[in-house]
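We did not get these values from a lab; they are worked out from the coordinates using the rules stated. Bear in mind that the values here come from a model prediction, so they are computed numbers and not experimental data. Positions of Cβ are generated from backbone atoms using ideal geometry, with glycine treated the same way; all protein chains shown enter the neighbour counts.
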Ligand code: ADP
Ligand code: MG
């Protein structure tokens, strides 16, 4: 069984990478989890996961010079596929190869989390959302962020990708979440998964190059992610069928 989630948002900096690794670690208590840095133009998951020094990354796989398993590292109870940060690596990468990478990984995992690019305006950027079964939308509790997030849902829906849920991050004021959250319940197809507080523990774990759940497992932010993972009822697609779907996915022009 496997289900693929894209972790996406309208803008950068909302907490997609933080959330991808935190949800991944929380889900890894129950499932075989693979996380992929599919933000191939602005990759930074490697810094969050202590993988900045590895030799082989997704860029090498997308350029055809390495196989998928060479870029997959066992870390923090998950498989982690980091992406490089060089411009040359991005230039040489063929984004369409992501389909076969995801298909390879799907054969051997229960949950695939694709840390996705922020702006969904290009063919490359939209691919993780196209490939995923469902999208986890990460947003900050402000009206502009909510409106960006709704656009993400609209894009995803236009590609047949459902909303798994909405994750508020960097919450300073519970009232703000209540206000915005009420609208979220109205406009989003999925539930509100969690409200993750603005937290020094999150910043410190990024500095330490460790996912939040490894660095500060007892923090309130970590607890919020664990509860979000519980609300994300993972569905099981047959691995073979899902892998075939990935391999043959047509990359549409953005609407
Ligand atoms: P994205 O992948 O969406 O660009 P990141 O997960 O890299 O966002 O987060 C951007 C920055 O904000 C990082 O430095 C991260 O440590 C910080 N950050 C994310 N979530 C929180 C939070 N809840 N509290 C404090 N800092 C946060
Ligand atoms: Mg990121």
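Brief remarks on what is shown
- For region 221-231, the tally of residues that are in contact with a helix residue (DSSP H, G or I) (Cβ under 8 Å, 6 or more places away or on another chain) and over 11 Å from residue 26 (Cα atoms) stands at 1.
- Among the residues listed as 52, 22, the single one being in contact with a helix residue (DSSP H, G or I) (Cβ under 9 Å, 6 or more places away or on another chain), surrounded by fewer than 20 Cβ atoms within 10 Å (Cβ to Cβ) and under 14 Å from residue 211 (Cα atoms): 52
- Filter result (in a helix (DSSP H, G or I) and closer than 19 Å to residue 16 by Cα) within region 158-179: 177
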